[in-house]
Amino acid sequence: MTELENVRQVTRDLNEWLGEMPYFPNTEYITVNADEIFVGGKPATHYLGYEIISPEYIKKTFKEIQNKFSNLQEIHILSSSTDGYVAPIRKERIATGGYAASELRPSLQHGNAAWCRIKLNDGTEGIWTYECYYGTFSDCAERCAQDTMRDLTNEKIPATRFILAIATKSKTKCTAAKKQNTKPVPQPETELKQTLRNTDLSKLAGKTVELNGYKIMIEKTKQDIITKGK
């Protein structure tokens, strides 16, 4: 199973096992895109009351990542009290209860742990994935964006590959199914109409034509009267 397939499967399994991931308004996490760093939809220099470290590095690094994944729109970084399980999360361990439920979804309460997800141009969002844990709340608020962006440039890190796996979906080649023969099957009525189209039917109006043991009656239908303009 590829990491992309695993992300999709894990998302389905988590939704079944844990219920939908908790909803966080954009006021609760940092959003990084090609234009700026935002909190709550507004350009931000602070998160949860603490100054965001290395904003220029964060913006520069986002563009580097976006150069590799052109369908990447945003990266979201969240402070949560949940100390999670390092990705990749495996389907079989969910099924067997190999994780504690609290390890696989961030808490609505802010805390010392950083979580991350990505959003694509088509609106698709990855699942929140645990990044790392800090010694203090202030460290997390100040450094989580810088450290997450740094980690996302290193695809040797399993969590990074898992977080970015969904961004590869536009590059995933799907073998197109062979086109079926969709040539319409001619209907007898259609064939007859095509055969008679170039025949002057006015000469046959009111007459019966015998063909292949069948009688065909030619009857003139009412036509709209066209009035010429003055």
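Listing for the model above:
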{"item": "Low-density loop cleavage sites - chymotrypsin sites (Phe, Trp or Tyr not before Pro) in region 1-75, where at most 14 other Cβ are within 10 Å (DSSP)", "result": "TYR23"}
{"item": "Exceeding the 22 Å Cα-Cα cut-off - candidates LYS60/LYS169; LYS63/LYS119; LYS60/LYS156; LYS63/LYS156", "result": "LYS60/LYS169"}
{"item": "Kirkwood Rh in Å, taken over all unlike Cα pairs in region 42-123", "result": "15.0"}
{"item": "Ordering of 97-108, 134-145 by burial proxy (mean other Cβ atoms within 10 Å per residue, highest first)", "result": "134-145, 97-108"}
{"item": "Spin-label proximity, GLU103 to region 78-92 - amide N less than 12 Å from point 7 Å beyond Cα toward beta carbon", "result": "83-90"}
{"item": "Accessible surface of region 1-152 [probe 1.4 Å, protein heavy atoms]: carbon and sulfur percent", "result": "47"}
{"item": "Principal semi-axes in Å for region 1-93 [√(5λ), Cα gyration tensor, largest first]", "result": "27, 18, 12"}
{"item": "Summed side-chain charge close to ASN6 - residues other than ASN6 whose Cβ falls under 9 Å, Lys, Arg +1, Asp, Glu -1", "result": "+1"}
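The values are calculated or read from the model by the stated rules, or taken from the named source; none is laboratory data. From a predicted model like this one, the values you see are computed outputs, not experimental measurements. Using ideal geometry, Cβ is built from the backbone for each residue, glycine included, and neighbour counts are taken over all protein chains shown. Only protein heavy atoms, including side chains, enter the accessible area calculation; ligands, DNA and RNA are left aside. Shrake-Rupley method; radii C 1.70, N 1.55, O 1.52, S 1.80 Å.
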